[in-house]
1. Among the candidates ARG235, ARG277, ARG290, which residue alone is in contact with a strand residue (DSSP E or B) (Cβ under 9 Å, 6 or more places away or on another chain), crowded, with 16+ Cβ neighbours inside 10 Å and within 26 Å of CYS39 (Cβ to Cβ)?
2. Say we look at region 238-293 and pick out the residues that are aromatic (Phe, Trp, Tyr) and touching a His at 6+ places or on another chain (Cβ under 8 Å); which of these is nearest to PHE95 (Cα to Cα)?
3. For region 133-152, name all the residues that are in contact (Cβ under 8 Å) with a residue 40 or more places away in the chain and either over 16 Å from THR181 (Cα atoms) or surrounded by fewer than 16 Cβ atoms within 10 Å (Cβ to Cβ) (or both).
4. Quick one: which of GLY78, GLY103 is touching a Phe, Trp or Tyr at 6+ places or on another chain (Cβ under 7 Å) and either under 21 Å from PHE16 (Cα atoms) or in contact (Cβ under 8 Å) with a residue 12 or more places away in the chain (or both)?
5. Taking the condition of being part of a helix (DSSP H, G or I) and either surrounded by fewer than 18 Cβ atoms within 10 Å (Cβ to Cβ) or in contact with a Ser or Thr (Cβ under 9 Å, 6 or more places away or on another chain) (or both), how many residues in region 12-24 meet it?
6. Out of curiosity, is VAL9 surrounded by 16 or more Cβ atoms within 10 Å (Cβ to Cβ), assigned to a helix (DSSP H, G or I) and modelled with pLDDT under 95?
7. Are any of the residues in region 138-151 more than 26 Å from ASN268 (Cβ to Cβ) and not in a loop (DSSP other than H, G, I, E, B)?
Amino acid sequence: MRKIFEELVYQLMRAFVWLLGSMPLSWSRRCGTVFGHLCYAVARRRRKIAMDNLKLAFPEMTLPERKKLSRQVFDNLGMLIFEILWSCKLDKKSFPRYFRIEGREHIDSAFSKGRGVLTLSAHFGNWEALSVVGEMVGYPATALYRPLDFPPLERLVLKLRTRFGARQIPRKKAFRQIIQTLNEKQMIGLLFDQHVTKKEGVYVNFFNHPVSTSKGLAQLALKTEAPVLPLFLVREKGGFCAQCLPEIPLIRTGDKFNDVKLNTEQYNRVIEEMIRRYPEQWLWVHRRWRPEDFDNWLEQEKLNPS
């Protein structure tokens, strides 16, 4: 009975996605903006998180400026949802019409090293459409993801994410699969801007405040020497621009902890620079900074003095 119910729900969601996905991109973005306005009005907790984050990151902003930016953040999220629906009918022939790439030479240079590529990205712009970039440049792509708790939604989301050939690896215990993917000379994408537990992370600066940041990417880069390439999909008028930045040089000091810390600081710095350029396109509704971060950072510095 449960399987029948889940199949029915899946088919209903699929039909709903197909229906809304029939709209042109401009209409989808207008609907997304309306939906974003609605979420801003009713999601009080997320609105407060966004405002608190903006105050930490941009203390020079006035309250009206932060409120305006917060509304734009919710508009961005609303557009993201409707753009995902729109993309369900997107075909490869339409890629050049809606997507362009800046910095293609950095991708080619990274792949020429023959170690696979670790792409550094964030919940920025339309991160769900990053798989299109791998298809456009002709390199196999894989991404880490967190499985969803509701099976019909998980099935639908995976179908959308893999329809252009991108493989998905569950985030939990993924280290061995990532190494295998790199050995196969593939590009693997990691979203690097979420808070992690004290055990999983290292405390480094982000907008001049310490945050717990995943040490996994630095550990992978140090172990494999695969190049780390920043890649962000920026929303622009009429479509999207995949901005590929130069490879981030690997730092080795001979001290394992400092190597992880210094490389992780570099990654945070790149993400911060992109956010400062397009602040409305980042996921400010996630509680990136936590009250315990500063005390944990002090403890870390005492245990690992430079």
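The values are calculated or read from the model by the stated rules, or taken from the named source; none is laboratory data. Source: prediction; values computed, not measured. Quick reminder, even Gly has a Cβ in these numbers, built from the backbone with ideal geometry, and neighbours come from all protein chains shown.
1. ARG235
2. Initially, region 238-293 is screened for residues aromatic (Phe, Trp, Tyr), giving 240, 257, 267, 278, 282, 284, 289.
Narrowing the set further to residues that are touching a His at 6+ places or on another chain (Cβ under 8 Å) leaves 282, 289.
Details: TRP282: 23, TRP289: 37 Å.
Filtering region 238-293 for residues that are aromatic (Phe, Trp, Tyr) and touching a His at 6+ places or on another chain (Cβ under 8 Å), the one nearest to PHE95 (Cα to Cα) comes out as TRP282.
3. Selection gives VAL133, GLU135, MET136, PRO151, PRO152.
4. Numbers: GLY103 fails: touching a Phe, Trp or Tyr at 6+ places or on another chain (Cβ under 7 Å).
After ruling out the rest, the residue left standing is GLY78.
5. Going residue by residue through region 12-24, those that are part of a helix (DSSP H, G or I) are 12-20.
Next cut, either surrounded by fewer than 18 Cβ atoms within 10 Å (Cβ to Cβ) or in contact with a Ser or Thr (Cβ under 9 Å, 6 or more places away or on another chain) (or both) only: 12-16, 18-20.
Number of matching residues: 8.
6. Details: surrounded by 16 or more Cβ atoms within 10 Å (Cβ to Cβ): yes; assigned to a helix (DSSP H, G or I): yes; modelled with pLDDT under 95: yes.
So VAL9 passes the test.
7. Checked against the condition, which is being more than 26 Å from ASN268 (Cβ to Cβ) and not in a loop (DSSP other than H, G, I, E, B), region 138-151 yields at least one hit.
Conditions (1) surrounded by fewer than 19 Cβ atoms within 10 Å (Cβ to Cβ); (2) more than 19 Å from the chain's Cα centre (by Cα), marked per residue:
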| residue | (1), (2) |
| --- | --- |
| ARG163 | yes, no |
| ALA174 | yes, no |
| ILE179 | yes, yes |
| LEU182 | no, yes |
| THR197 | yes, no |
| GLY201 | no, no |
| ASN208 | yes, yes |
| VAL211 | no, no |
| GLY216 | no, no |
